[in-house]
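The values are calculated or read from the model by the stated rules, or taken from the named source; none is laboratory data. None of the values given here were measured: they were computed from a predicted structure. So basically every Cβ, Gly included, is an ideal-geometry build from the backbone, and we count neighbours across all protein chains shown. Just so you know, the surface numbers come from the protein's heavy atoms only, side chains and all, with ligands and any DNA or RNA stripped out. Shrake-Rupley method; radii C 1.70, N 1.55, O 1.52, S 1.80 Å.
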Amino acid sequence: MVSEPEKEHVLSKRLNKILESQIENDDETIEALRELSTFYTENSLQARRNLRSQIEKRSLDINQSFLSAFKEVKDSFDFVYNDIAEMNKCIQDMTHRLHNAKSQTKQLLQKTSALQKEKEQNLMKQKVSSAIIKTFQLSREEIIALHADKNKSETPLTFDTFKALEHVQEIHNNCKILMQAGLQTLALDIMEQMTLHQEGALEVLYKWTQSHCRNVDNPELSDLIVHAMAKLQERPVFFKYVIDEYCICRRSFLVGEFINALTRGGPSGNPAPIEMKAHDAQIYVTDMLVWINKAVPIEKQNLHVLVKLCSFEGLDDMLNKALANICEDICQPLKIRIDKILNVPNSPSVLYAVLNMLRYYKKCILKVITGGQLAETLKELEEKSELKFLNSLTDQVNSLLVRVEAPPRDLSPTSSISNLLSILRDMLSTASMSEGREVDMVKIANTVLEPLLRAVNEQASRLPPTDMAVYLLNCMYSMYTCLTMYEFMEGRLERLQAQSDAQIDTLTSEQASSLVANLNLGPIYTILQDHSQGPLSGIPGMEPSNLKSFLSKLDHLSTHPDSILLPQINLLLSSKHKKSVQKRSFDVLLAIYKQLYEAVHNPVNQYEAPDSILSKTPEELNAMFS
Amino acid sequence: MSTGPYNYSYIFKYIIIGDMGVGKSCLLHQFTEKKFMADCPHTIGVEFGTRIIEVSGQKIKLQIWDTAGQERFRAVTRSYYRGAAGALMVYDITRRSTYNHLSSWLTDTRNLTNPSTVIFLIGNKCDLEGQRDVTYEEASKFAEENGLLFVEASAKTGDNVEEAFLETAKKIYQSIQDGRLDLNAAESGVQHKPSQPGRNNLSNDQQANKDNCAC
């Protein structure tokens, strides 16, 4: 309970407080007072009474102005509020829209990623495909290279074609791997495709090669053609057609060149056309053969260049046939010309030269070609020229021997025989340097000697025996000396020798008979052979005087051996023949003398002083004669 | 000289004689070439052929002189008789005249050759049986009487041709073996070893001389 003191206390306190308050220190009060000072100007009762209302009025005014001020603020706030509300609305709209967008985007993303995946797969597939295509398909360029441009009729072939073809082959081979991998259908398809490509390409290649093969010697094309041929050998039919085509081209080219060389000669007439020398058979034939011999190896070389990269069984045979084929057309012009030469009468020596040329060049050319028409033609011409040559020789021989001349008085071979022998000698010396001389020489000798021997025999048959033997010996001696200079004449020489021997025998017997007759030896010899008549000294004709005279004649003969020789013996051309006849006929004499000597010295025959009758021993006599 | 055609031990010389047209050249041709030569021309003088045969394992070269049958060549052909070891005397069985001349041919042969010369009588053209003019028996008798070997042959078919030449060679070879033939005599018609030109010509020959002087 608040005690009165207390009450008093609170009042005191308040008063104190007022009293204690120092108004000067209270700003609020000061402020309030200052304010008051502004309107409270007069300190009157009225004024004091009105103060309150004035203050209240004043406070109302202030509140009034507060209100209007706040109203203004409120309006502003309202404005702001509206703006914000608007904003909110917008944002909400935006949020909404964002939301929408967000949901929409999600779908898109899903789609995108799906597509992304797909894309990756596709990329992968593409990679695989392109790898496959790269491995198993041809590029556009390759296809063009393979099949050529269909718009152009002539496309130059390049090495790309061969690369492409190799690629095709490679792909074809790779298909096997594909097959192993289980992709049969694909593999088969590709294989088929490649086969088609290959066939197509080979056909293009074939056509190209066929039309270009003739230019194999052109350095720009050579390589290509060679490669093409190497490719084509996989297709024997195409290969063969190309070779055939080549042969046709070269054949006509070769014959054209040959005719040119014959009729036109080289560029601007150098070398001169071969036919310019047609008047000289030997040069003409030689020139033609030289030309062919030069041309054929070139053809062979070209042909071998063409198939440089090829090798298969039967190729050599094919090439041989092809070469023979190429050379076929030149046969006819050659044959016609040489035939013409052979059909004109010519001297045997010219024909022999032609024959030898043919023989030589045939040998040369046959080293290059095997078989075929050219070989045949050359062989034919060789045979024909040999025949013509021998015929011409026979004609010459016959024309010289057409008349049987009587042998001259000296029994030497007649001039036509000597002429023939000199012709024979000429022919033989030419033949001895030629190829196949053995056969030739024997043929030539036969051709000349057969009619010659017949003619000689014919001539001789009209002569008396001794003259005949001498004439025959002389003729055979001439032939013998002519033939001994050459090889391969052994058969002929043997025959001549044997024939001479026979004639020497005849001559010996003639000479011996003549000697016996001259020395009166006939009766003596007859008596000597007959042993039935008792002692020889008693037989008439065997008297010592007669024998002595025989010996003196023999003596004379030994010093003058020519005196009682048959005169014809001296006409023998061969001193060997002469000596032989002489010796053998003297031998006959000596034999008889020996018999006589023995008989005289045989006491049975009762000769007195046999040494005085036949003073010479057979040995002494032999020594005298030899 | 021991190779090729020189590889033989003896040379035998033969002569083929007989009338014109009996086929002497054809016989020779058949023997050396084993071919029949139709239209054979007349032989002028002498023709010559060789062939190497074998007798008792010895290689022998036959040197065969085919003589002209024509009378006008008689002088020429006579030269060849002397050196003959074998003489083939030929007649034509279709022409009696050729047979009738045999005795004169034989006389010639006997006179001109040496006694050891083997004479072989050949009746040629035995393929022409239809035109036969000389019987086998008659000719055979003639051969026997004259001591000749005899055969009928055909140059056309080759029958007995080979035999005639070979038989002659065998007979000659036999003579050599028996020593009846003097190899050193040039006129024996036989040479030992291949001919060496000139050597035989110089060898002395009594036999021939006697003949020469006898006539």
Of the GluC sites (Glu not before Pro) in the range A:265-341, those whose Cβ has at most 12 other Cβ within 10 Å and which sit in DSSP loop: A:Glu313
In order through the range B:161-172: 3J(HN,Hα) via Karplus (6.51 cos²θ - 1.76 cosθ + 1.60), integer Hz, x for Gly, Pro: 5, 3, 4, 4, 5, 6, 4, 4, 4, 4, 4, 5
Antiparallel bridges, percent of DSSP beta bridges restricted to the protein assembly as shown (to nearest 5): 35
Separation of alpha-carbon centers, the range A:410-441 and the range B:117-155, rounded to whole Å: 43
A:Ile62 versus A:Ser418: modelled label distance in nm, points set 7 Å from Cα along the beta carbon direction: 19.5
Accessible-area value, A:Asp160, 1.4 Å probe, nucleic acids and ligands omitted, Å²: 80
Directionally averaged projected area (convex hull, Cα atoms, the range A:100-228), nm²: 12.2
For the range A:288-375, alpha-carbon Rg and Dmax in angstrom: 15.4, 52
Cα-centre dipole for the range B:1-144 with unit charges at Cβ (Lys and Arg positive, Asp and Glu negative), debye to 20: 460
Among the listed pairs A:Lys443/A:Lys578; A:Lys388/B:Lys13; A:Lys340/B:Lys34; A:Lys443/B:Lys35; A:Lys240/A:Lys300; A:Lys300/A:Lys335, those beyond 28 Å (Cα-Cα): A:Lys443/A:Lys578; A:Lys388/B:Lys13; A:Lys340/B:Lys34
Solvent-accessible surface (1.4 angstrom probe) belonging to A:Asp26, in square angstrom, nearest 10: 70
Stokes-Einstein D (µm²/s) once Rh is taken as the Kirkwood radius of the protein assembly as shown over alpha-carbon pairs, at 25 °C in 0.890 mPa s: 61
Relative pair counts by distance (%), Cα atoms of the range A:156-209, 5 Å bins: 5, 21, 26, 19, 13, 8, 5, 2, 0
Reduced Cα scattering model of the range B:8-194, Debye log10 I(q)/I(0), q = 0.08, 0.11, 0.16 Å⁻¹: -0.22, -0.42, -0.94
Globularity index of the range B:68-136, i.e. its alpha-carbon radius of gyration over 2.2 N^0.38 Å: 1.19
Stokes-Einstein diffusion coefficient of the range B:1-73, Kirkwood radius over Cα pairs, 10 °C, 1.306 mPa s, in µm²/s: 119
Inter-label distance, nm, simple model (7 Å from Cα along the C-beta direction), A:Asp27/A:Phe312: 12.7
Cα-based radius of gyration of the range A:515-594 once divided by 2.2 N^0.38 Å, which approximates compact folds: 1.26
C-alpha center-to-center spacing [the range A:511-527, the range B:49-73] in angstrom: 34
Accessible heavy-atom area order of A:Cys482, A:Cys90, highest first, probe of 1.4 Å: A:Cys90, A:Cys482
Along principal axes, Cα extents of the range A:41-138, largest first, whole Å: 128, 21, 14
Residues of the range B:11-26 with amide N under 18 Å of a point placed 7 Å along Cα→Cβ from B:Lys59: B:11-13
Loop-located trypsin sites (Lys or Arg not before Pro) in the range A:383-473, at most 13 other Cβ atoms within 10 Å (DSSP): A:Arg403, A:Arg409
Relative contact order, percent, the range A:509-625 [alpha-carbon distance under 8 Å, six or more residues apart]: 36
Inter-label distance, nm, simple model (7 Å from Cα along the C-beta direction), A:Lys240/A:Asp555: 10.4
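Just to be sure I understand: of the beta bridges DSSP finds with both ends in the range B:8-194, what percent are antiparallel, rounded to 5?
35
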Whole-percent carbon and sulfur share, accessible surface of the range A:427-480, 1.4 Å: 54
Those residues of the range A:70-103 whose amide nitrogen sits under 16 Å from the label point placed on A:Lys111, 7 Å along Cα→Cβ: A:101-103
Lys/Arg +1, Asp/Glu -1 at C-beta; the range A:477-567 dipole; positive extreme among A:Leu496, A:Leu483, A:Leu536: A:Leu536
The range A:141-232 - accessible surface per residue (Å², probe 1.4 Å): 54
Neighbour-limited loop hits for GluC sites (Glu not before Pro), the range A:545-626 (at most 10 other Cβ within 10 Å; DSSP other than H, G, I, E, B): A:Glu608
Compactness index (Cα Rg / 2.2 N^0.38 Å), the range A:236-396: 1.13
Helix A:27-39 vs. chain A, principal-axis angle (Cα, 0 to 90°, nearest 10): 70
Kirkwood-based shape ratio for the range A:469-518, expressed as Rg/Rh from alpha carbons: 1.14
Nearest-10 value in Å² for the accessible area of A:Glu118, using the 1.4 Å probe: 90
Relative contact order of the range A:236-396, pairs being alpha-carbon contacts under 8 Å that are 6 or more residues apart, as %: 26
Rounded FRET efficiency, nearest 0.05, which uses the C-beta distance separating A:Phe79 from A:Glu42 and R0 of 45 Å: 0.45
Exposure rank, largest accessible area first [B:Arg78, A:Arg48; 1.4 Å]: A:Arg48, B:Arg78
